[in-house]
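Here is the structure we will look at, set down as structure tokens.
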Amino acid sequence: MWNRKRFVLSFVLVALAALLAYGGIVYVATMTATEEVGQELAATQWQTLQRIIGQLTTELIPAAKEAAGRPELAAALTSSAGAEWSALESALSSTLEDVFSVRMWAVLDRQGRWSAGVGLGQEAISDVLSWRIFQSAQEGRGDAGLYALAGTPAAVAIVPVRGGGAGEIIGFVMVARPLDRAFMERLKAYLGREVLLFGEGEFLAGSRPLSAQEEAVRLGYIQRANLRPASYLPAVDHLPHNLLVATGELWDAENRQIGYLQIEIPNPAGSTIRTAVTLASLVAILLGLAASFILAQAIGSRLAESADMLAARERENARLYAEVQQLNRRLEKLLSERTTQLRAAMSELQEAREQLIQANRLASLGSLTAGLVQGLSSPVATISSVVHALLAVEQDEERRRQLEEIRESVLHCQALLARARAYLRPGRAPRRELTDLNQLVRDSLDVTRHIHEQAEITVQLDLDENLPRVLVDAAQIQQVLFNLLLNAGEAMENSEPPRLLTIRTSRANDMVRVVVEDSGPGLSTADLNHLFEPFYTTKPAHQGTGLGLYISRQIIEAHGGRISGENRPDGRGARFVVELPAGIPAKG
């Protein structure tokens with residue numbers, strides 16, 4: 001009797017335990033399956049949402065380009081008339097709203113200051129100068145991205161406005177579309193899901209309205225969700241009406257967090273998984289009741305051992321996987337670095353090859369010039385002889401005056417040819433002798449005079465007539481002066497008049513100084529750091545070898561002197577200073 005009661009009691013206890021286990025299995029299996037399905041759906045939907053937001057943001061660029069292409073906008077940016085801005089604002093607002101559904105826009109001047117606009121004031125664009133898309137527009141390209149305007153997330157596009165004969169950038173057009181109810185409804189139309197936007201502690205906009213209670217629940221979830229912004233892996237929350245909510249952080253184009261987005265996804269797993277799990281659980285309970293009394297002890301210990309072994313293997317696999325991932329990242333980084341170095345080396349090699357080709361062309365040009373100089377010498381000498389003969393017999397004063405002018409011109413040509421011959425003579429050994437540096441300056445100017453006259457450059461000389469002589473190779477120093485004068489003339493070719501070339505000589509202690517100044521655009525910081533390096537040039541491609549200043553520096557330093565380059569203190573042009581050791585004082 002007692003054994004039968006004990007058996008019934010044991011059976012009842014086992015049945016109750018099985019029923020409790022059944023309920024737990026149903027709950028855990030349903031929640032686990034829902035969580036797995038939800039995570040997969042949320043990740044897919046989140047990636048699609050990011051792509052759609054990017055597309056809707058990029059759609060603003062044509063609107064900005066349409067406004068920037070208006071001729072009257074360029075005219076208004078270059079004028080201060082208020083009436084032009086008033087009429088232009090009305091026209092731009094009509095076009096942007098009717099054609100592109102854009103109600104927020106602004107026109108900025110070249111420095112990024114607000115000039116006109118609707119819906120976008122100076123406060124909303126206070127930090128526009130630091131935006132990546134503004135810097136892209138300054139470089140001549142249009143760009144778009146997400147930004148917070150006065151605390152409200154918005155899609156923004158900025159494009160440059162060009163004007164003037166050269167088509168330079170004279171301003172910028174900025175258009176914006178806030179992430180409001182209309183924007184959320186467009187996202188819903190593309191995604192087929194309800195989309196909601198939250199700020200810090202408030203609901204901003206959504207494709208459907210929220211009650212105060214639901215808003216409070218969702219904001220509380222955002223605060224405790226521990227979102228992971230680096231991977232945008234959305235968390236999943238369960239709502240009573242059989243929905244999954246994917247939540248992720250919204251970042252602007254500068255990688256700053258400006259809000260949170262939620263996507264409502266129908267749960268496809270709920271009822272189907274519950275039914276399947278319920279049937280499987282009932283079968284498991286029946287089988288368990290039949291076999292539990294026999295197999296419980298034997299299987300329990302084996303299961304525990306197997307579980308321990310499986311857990312140990314999983315931990316080892318996880319460790320090995322982490323090591324493999326780390327090695328892969330190192331290899332990828334090393335490969336990227338080597339690829340970057342190889343590309344840089346190839347670029348430098350190509351540049352050096354082009355520079356050598358250009359140097360070879362200039363060497364060929366020097367040989368051609370030497371031949372021309374040699375060929376012109378004989379005709380000029382013949383003309384000189386004929387003029388001398390005519391002067392010996394001509395009695396008419398007017399004709400003698402004309403012959404004298406011809407003789408002076410011929411003598412000038414012969415002097416120029418003699419200097420060119422000395423400059424181009426190959427294989428000449430350096431020969432230093434006491435030389436008048438002022439005369440070298442004048443001789444160099446004679447050679448470059450026609451270049452400066454064609455460029456409408458005014459030459460101003462300030463020469464110290466008491467300058468000591470210098471012990472130099474005159475041809476080499478003239479090469480340096482000739483290079484500096486040519487560089488100064490080329491620097492002023494595109495400058496606004498007046499174009500002024502100033503050459504000064506003076507004495508500084510035991511050194512003699514030559515200063516060459518131009519009124520061109522000056523030198524950039526990068527140019528100042530690399531001026532005297534070989535193959536570095538500020539001229540356009542195929543117009544310079546980058547060897548002129550390098551060779552000049554070698555020549556000056558070989559003479560015990562110094563050469564330097566800088567910008568003029570008044571900011572109008574560049575200044576080059578050559579200093580050579582003084583020889584003996586000039587005569588009286």
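Among the GluC sites (Glu not before Pro) within region 126-231, those in coil by DSSP and having at most 11 neighbouring Cβ atoms inside 10 Å are 139.
Under the rule a/c < 1.5 gives rounded, and otherwise a/b versus b/c splits prolate from oblate, where does region 475-568 land using the Cα gyration tensor? Judged from the Cα gyration tensor, region 475-568 comes out oblate (a/c at least 1.5, b/c at or above a/b). Here the label points at residue 506 and residue 313, each 7 Å from Cα along the C-beta direction, are separated by 8.9 nm in the simple model.
Modelled this way, with points 7 Å down the Cα-to-C-beta line, the labels at residue 388 and residue 432 are 3.7 nm from one another.
Normalised by the number of residues in region 429-581, the average gap of Cα pairs under 8 Å and 6 or more apart makes the relative contact order 23 percent.
Exposure proxy ranking for 399, 132, based on other Cβ atoms within 10 angstrom of each Cβ and starting from the fewest, stands as 399, 132. Per-residue packing, averaged as other Cβ atoms within 10 Å, sorts the ranges 435-445, 451-461 into the order 435-445, 451-461, beginning with the highest. Modelled spin-label separation between residue 347 and residue 213, with each label point placed 7 Å from Cα along the Cα-to-Cβ direction: 6.3 nm.
Every number here is computed from the coordinates shown, using simple stated rules; none is lab data. What you are looking at is a predicted structure, and each value in this text was computed from that prediction instead of being measured. Glycine also receives a Cβ, built like all others from the backbone with ideal geometry; neighbour counts cover every protein chain displayed.
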